[in-house]
Structures are given as C-alpha cells and as structure tokens.
Amino acid sequence: MLWKCFKMAVQSIISNKFRSMLTMLGIIIGITAVISLVSLMEGLTSEVTDAFEEVGIEAISVNITNRASTVELPVEDMDELAREHSDVIRGYSPSVTMPAYIKDGTDTLNSSATGVNEQYIDLYQYKLMSGRGITYIDVERMQKVCVIGTYIAKEIFGGNALGKTLQITGVPYRVVGILEERGDSTKGSEDDSVYVPYTVAAHTTNTRKINNYIVYATNQETVEAAESLIENLCDKDIGDDDYYNIIAMKAIAESLMGILDSMEAMLVAIAAISLIVAGIGIMNIMLVSVTERTREIGIRKSLGAKQRNILTQFVMEAGMLSCIGGVIGIIFGSLLAIGAGKLLDMNILPTLNSIIVSFTVSAAIGVFFGYMPAKKAAALNPIDALRYD
Amino acid sequence: MPPLVELKDVYKIYKMGNSSVHALDGISMTIEKGEFVAIVGQSGSGKSTCMNIIGCLDVATRGVYRLNGRAITNYTQDELAEIRNKTLGFIFQQYNLIPKLTVIENVQLPLLYAGMRESEQRKRALESLERVGLKSKAGNYPSQLSGGQQQRVSIARALAGNPSVILADEPTGALDSRTGREVMMFLRQLNREGNTIILITHDNSIAAGAKRIIRITDGKIVYDGPVEGDVTVMKMHGAGEEAPYDEKAKGAT
Ligand SMILES: Nc1ncnc2c1ncn2[C@@H]1O[C@H](COP(=O)(O)OP(=O)(O)OP(=O)(O)O)[C@@H](O)[C@H]1O
Ligand SMILES: [Mg+2]
C-alpha cells in the first residue's frame, strides 16, 4: 500500500514537471543556502581552530603593564610556580622583545628579536631544521647566540646559516639553530623570527626586567587552574591588578568561536526563513492540487478509500516533492561550498551532519506543510467530490 | 435471509435557507439478491439521491436503510468506505476512471483499498478485464480508449471486488444509442450470471432492459413492479417499436 502510494506520488510529480520544479525551487534555494553557508562557516571555524592549535590553545600570556621599576614579576617566582605545579603548568618562558636591526649588506631587515628561555621552542612546538635551541647555559651565561627562522636564514645567508655570525643592532650573535619552516618563508611570517636568550635581551633593553611571560598549561582542561595560579602569584608580587593582565588563548579562541557560532546561527536562521517560505509554497501548490483532483478523490472514496489512504497519498506527495528539492539543494550547496573553498584557498567540504539534517528538514517541511492540504482532501465528502468538475 | 436492499420510509431533505427540498419523500422498497431493477424518473425526481443512499455515499435524513440486513446508520466516513468497498460496485455516467492511471491500475483500485496483495490484485483485475473483453488494453491509459470501452473498464472495476450489488447511475448517458445498448446487454448478462444490478436512468428504452422498474416522481415511488406493468414503458412499446431487449420477441421474428 505504501509502495503504491509512493508510486502514485512519483507519477503525480512527473505528470506536472514544470509546476513541481517551481514548487521545489524554494526548497532548493533554501537547502543550497543552508548547506553552503554551514560548510563555509565550518571551514572557517576549522581554519581558526588550526591557527590556535599551532600557537597552542593552552597558552596563557602574562603582561605587566606598569613599567615602574617597583612593579616586578621575577623569573625566579615564575620558575618556582611552574615547578611546584607541574601537574597544571607544562612550562613557561619569559618573552622579551628587543628591537633588532639586522643588516644585509646595505639593506636593513627591520626585524625584532625575542628573548626566551630554554623551554620556549618546545612549548611553541617549533621544530629545529638544524643546530640546537637556546639552552639553559646560554641563558645563565648570557651568551650571544641566536636561533633564527628560515626567512632570515635565506635573506642573510642564502640558507646556509649555521655557525655564522649575525649582526643584531651592531652586536654579533652566533647562529646556533635554524627553525623548520612554519609559514611561507616571507617577511612578517612566523619564519621571520630571531630568538635569543632572554637574559641577553633583557640586558639590551633599558628596564632589564621581564614584563612578559608565556605560560603553557598541561592541557586544555587545566588552563583555568593555571590561570588562577598565575593570578595568585601576580597578586602576591604585584598586588594591584591594574598593573598586569593575564590572557588565556583558550578564552580568545572561545570568544572567537562564539562569534563564528553566532554568525553561523544567524545565517542559518535566515536560510531557515527561506525554508519556511518554501514550505508555504508547497502548501499552496498542494491546496491547488487537492482542488484540481477533487473528482479523483471522490472516485477513490467511492471505491472504498479511507481518510488515511487519501491523507497518506497527499502527504507522501508533498514530502517527496520537498525531499527531491532537498537532495537537489544538497548537491548545489555542496558544489557551491567546494567552489568557494577553491576560491578562498580553504579546505571546505559539506559535513555529513549538515547533509543529514538538511535532508531531514526538507522531508519534515514537506510533511508539515503538506498535512493541512492532505487533511482537507481526506475530509472531502465523496458525493460533493464526485459531482465536482 | 434478509433482503439485500431494504428502504423503509426514507426521507432525504435538503435545507436551503428557509425552504427545504424533499429529494426523497418517504420511499420504501426491497430488492432481493439476483434482481435487475431500473429506477426511473425525470430529472430532479430524486434518482441520484436514492442511489447515493443505497450506495452508502450519503445517509438518509429520516427512515431506515438496511443493506444485507445491516442498518446503515451512525457509521463513520471510514466505516461507510469499507462497506462500499466490500459490498458495492459503482458504474457512473462519466465512467470516472482516473486518467493518469492505466486501465489495470484503475480496475485494481477497489482491491488496493481492500488491502489485497499486489499480485492478487493484478490477477483479479485481469480476470475482471477479461470478462468485459478488454484484457488486451490493460496497459493503456483511459484516454486511449473509446467511450464504450472506458465504460466497460469501469464495469470491470465495479466487478473486481465481487460486490453484492452493482449500482449504475446513467451508465449509458454519455454513450451513443448503439454503444449504450451494448453496455445494457452486458449488464443483462451479468445479471443472468447472478449479479444484483440497480440501474438508474431517465431513459425509458434503457429501463425496458431491466426486469423490474421503480418509477420515482418528486421523491415518491409511483410505480414498482415488472417492466410489463409500467404504463410509460409499455406505451412506448405500444407505439410499434420493437422492445430492444426482449429476447423472446427477437427470437420470434
Ligand atoms: N446537495 C444538494 N443540495 C440541495 N439540493 C439538492 C442536493 N442534491 C440534490 N438536490 C435536490 O434534490 C432533488 C433530487 O436530485 P437528484 O440529483 O436526486 O435528481 P435526479 O433524479 O438524479 O436528476 P437527474 O436525472 O437530473 O440526475 C433535486 O430537486 C435537487 O435539486
Ligand atoms: Mg442524477
């Protein structure tokens, strides 16, 4: 019986190709919009997630904003905290930015160097292409050594930099390590970087104290715990919480994700409105169809069709109409998303979830908006229906 | 055994604002199994109303209608649909075939709604089409058939469910007189095979093909008896025309 109903629905849709197409158009557009927008937003989200994962979502940056010499967060205190709470804090590094005028013949590569400790390169998930990183000895003895990115290595030394001497603001530093390429080896990318022992960097700058730290929690779950430990330390050492700020990457990531999520929700809501409009279109056409087929309904009833037989027939037809529209929309939307991904140079693919949800939603729209006309058809009085022409 | 069809003092009153139309004004009749009854009357006399009630498409305003001894009152639409499906076969003036279904699919419809298996439906529908001589047209669409053939398909559809009563409302109304007579001959044959047939017509020459005539005027029965007793029909015969369905008369010439 259901199979027969299914066949009849197909026949009825085919016998009115043009009208069926027009009716489906709304669903097609709505589902295309939903699929492509959701895929695009998902692509964007995963791009952002990747970016955060590179830095490390467990990173917490501590900045002392008051430059008065009395306000200080000594490295010893930070070191003690990290060692005492190794279950929460994976590691830390001071981060001292020093201006670094690096000369390439007559050209000045206007870069800056960062003073870090021996943990930094690991924490930041850098890999060494050759040589070694900054060591504890380098830090303790304030050795003038540096680890450089591929951009600097390429620009200054033409690639083969290990063991050579780099002039930073007129001071010679020995290149002890070269980092693996992380960006695209251009200016301003992550490969345009120079790392030196933080003690050297701090000595070079005027204040000589450490104003910035980067702390890594052991994992995403311990970020909050690490944050509050740092908070306590700052409170003890500095006191006034106007003088410092603690920013967890996780919080930034979460707020960014929140923005992306609400953007996605808004776009989907707009698409959903178009789906409701499409549903009303289906209802409209089904009402016309019921009126046109009043006589057919009368015949079926006179031959013994029950209300539910007629109801099933029309609901099935509406459901199928919108399911076909949904499938076409899913195909169009996927193609659009993939095309947009190619244009934006992003890896965008519609998720299985969004496809399943879209299909279910389009089926539901058909059934929901087809129900009222179908109910009307089912309730027709057979004599009146038979007399109708 | 109760009679197949029994109407007792049946009224059908249509209220139109202040006035009311007595489409059926106290009708009583009994029809036994195996009869071939023609209900005749002029346009607006109440024939179709009567058939709608007998056919369980409508219910009487007042009075009792029993089908197979079962009083048709207080049934839901769905229950009436089931009674129609099991006990009644309809033949309409406009054939009422569904144009987008093939001939066999049309004939299968009552069997489909009876919940029969697809293979069984096809078997029965083909048998039924064979009886009306249209087995070869099973895969055609109604629009590809002549009017007479379409009416035969609708007869096949009425027969398919093996109903107790076949109800035909002006079955020849849309056909030319020759094809109309053919359809009539076919109904007579079905009757000889044991089917109970109730035929509705305003055409006396068609009515003459039945065995019994019930004449209605203004919602009242004015004659109920054998064809030979009906003045109007016999008057027509008296005019010198040969009774078209009188096989005995035919054989004599
Ligand atoms: N739904 C209705 N509402 C109001 N009046 C109706 C309705 N159906 C029938 N009637 C009236 O009832 C009377 C009998 O109608 P009916 O259709 O039974 O006549 P009929 O004998 O079949 O006529 P015809 O030969 O023209 O088909 C008519 O006066 C008609 O106007
Ligand atoms: Mg009539």
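The values are calculated or read from the model by the stated rules, or taken from the named source; none is laboratory data. Everything quoted here is computed from the prediction, not taken from an experiment. For neighbour counting, all protein chains shown are included, and Cβ atoms are generated from backbone atoms with ideal geometry for every residue, glycine included.
Taken together, B:L109, B:L80, B:L88, B:L97 contain a single residue that is touching a residue at least 24 places away in the same chain (Cβ under 8 Å), within 9 Å of another protein chain (Cβ to nearest Cβ), more than 15 Å from ligand 1 (Cβ to nearest atom) and in contact with a Lys or Arg (Cβ under 7 Å, 6 or more places away or on another chain), which is B:L109.
Residues in region B:195-219 that are among the charged types (D, E, K, R) and not in a strand (DSSP E or B): B:D203, B:K211, B:D218. The numbered conditions (1) surrounded by fewer than 24 Cβ atoms within 10 Å (Cβ to Cβ); (2) in contact with a Leu (Cβ under 8 Å, 6 or more places away or on another chain); (3) hydrophobic (A, V, I, L, M, F, W, C) are all true for B:A160 except (1).
Yes or no: B:V40 of a type outside the set (S, T, Y) and more than 17 Å from A:D384 (Cα to Cα)? Yes; evaluated as a whole, the condition is true for this residue. Could you please give the count of residues in region A:5-42 that are in contact with a helix residue (DSSP H, G or I) (Cβ under 6 Å, 6 or more places away or on another chain) and of a type outside the set (A, V, I, L, M, F, W, C)? Qualifying residue count for the region: 8. Taking the numbered list (1) modelled with pLDDT of 90 or more; (2) surrounded by fewer than 17 Cβ atoms within 10 Å (Cβ to Cβ); (3) of a type outside the set (K, R); (4) within 16 Å of ligand 1 (Cβ to nearest atom) in turn, A:L380 passes all entries but (2). All told, A:L311 falls short of being farther than 18 Å from A:E264 by Cα and either surrounded by 23 or more Cβ atoms within 10 Å (Cβ to Cβ) or more than 14 Å from every other protein chain (Cβ to nearest Cβ) (or both).
Scanning region B:1-50 for residues that are free of Cβ contacts under 8 Å to residues at least 12 places away in the same chain and either closer than 15 Å to B:V222 by Cα or within 16 Å of ligand 2 (Cβ to nearest atom) (or both) turns up B:Y14, B:V21, B:G44.
For (1) more than 13 Å from chain A (Cβ to nearest Cβ); (2) surrounded by fewer than 22 Cβ atoms within 10 Å (Cβ to Cβ); (3) within 16 Å of ligand 2 (Cβ to nearest atom); (4) free of Cβ contacts under 8 Å to residues at least 24 places away in the same chain, each residue gets a yes or a no:
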| residue | (1), (2), (3), (4) |
| --- | --- |
| B:R131 | yes, yes, no, no |
| B:K137 | yes, yes, no, no |
| B:Y141 | no, yes, no, no |
| B:G148 | yes, yes, no, no |
| B:Q151 | yes, no, no, no |
| B:V165 | yes, no, no, no |
| B:P171 | yes, no, yes, no |
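Taken as a whole, the condition of being within 22 Å of A:G304 (Cβ to Cβ), more than 16 Å from ligand 2 (Cβ to nearest atom) and not acidic (D, E) does not apply to B:L57. Note on region B:38-77: residues that are within 15 Å of ligand 1 (Cβ to nearest atom) and β-branched (V, I, T) amount to 7. Answer yes or no: is there a residue in region A:87-101 that is away from every other protein chain (no Cβ under 14 Å), without any contact (Cβ under 8 Å) to a residue 60 or more places away in the chain and of a type in the set (K, R). No, region A:87-101 has no match at all. For A:V139, the conditions (1) farther than 27 Å from A:A253 by Cβ; (2) not in a helix (DSSP H, G or I); (3) not acidic (D, E) all hold with the exception of (2). Which of the residues spanning region B:112-122 are farther than 14 Å from A:G304 by Cβ and more than 8 Å from chain A (Cβ to nearest Cβ)? Residues satisfying the conditions are B:R117, B:S119, B:E120, B:R122.
Residues in region A:277-308 that are in a helix (DSSP H, G or I) and free of Cβ contacts under 8 Å to residues at least 60 places away in the same chain: A:N284, A:V288, A:T291, A:E292, A:E296, A:R300.
Kindly establish whether B:L67 is within 9 Å of another protein chain (Cβ to nearest Cβ) and surrounded by 16 or more Cβ atoms within 10 Å (Cβ to Cβ). Taking the combined requirement at face value, the residue does not satisfy it. Taking the criterion of being surrounded by fewer than 24 Cβ atoms within 10 Å (Cβ to Cβ) and of a type in the set (A, V, I, L, M), the residues of region A:317-326 that qualify are A:M320, A:I324. Among the candidates B:R117, B:R122, B:R84, the residue that is away from ligand 2 (no atom under 16 Å from the Cβ) and touching a Ser or Thr at 6+ places or on another chain (Cβ under 7 Å) is uniquely B:R84.
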